[in-house]
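Novice: Got a structure here, written out as structure tokens. Questions coming.
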Amino acid sequence: MAEPYTIEQLAKLASNFVVKNKGMWDHEKWQQFCDAAAALGINDDEELRLCLGELLELLKTFYVSLPKRVKAPAKAKAKPKAKAKPKAKAKSTVAKAPDSEKGA
């Protein structure tokens, strides 16, 4: 999905730049980043370049401090439904007479 706002495009551009360069870049790479930012319509003045540099340095701090990927929380598995227990046969309510009483 395309980002509808320039700020989102810039954030993606900056984070991709830091990750792609593994938190290290030279002046030539920096210049390429500034050119890509200018293509988004960002003014290429000294104040904004300073802010872009600060943005990259901030992202670089996070890049070197955080794990590469955050593990997604495990989804709770749906509990399988318990199988219906077979109904027990009804016990007879009539008590049988003991064997000794049968012959009497």
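Novice: Within region 4-52, can you find the residues that are small (Gly, Ala, Ser) and over 19 Å from Phe62 (Cα atoms)?
Specialist: Selection gives Ala36, Ala37, Ala38, Ala39, Gly41.
Novice: Related question: With respect to the numbered conditions (1) closer than 20 Å to Val64 by Cα; (2) of a type in the set (D, E, K, R); (3) surrounded by 15 or more Cβ atoms within 10 Å (Cβ to Cβ), which one is the sole condition not fulfilled by Lys29?
Specialist: It is condition (3) that Lys29 fails.
Readers should treat all values here as calculations from the given coordinates under stated rules, not as data from a laboratory. Just so it is clear, the structure is predicted and the values come from calculations on it, not from any experiment. Reconstructed Cβ throughout: ideal geometry from the backbone, glycine too, with neighbour counts over all protein chains shown.
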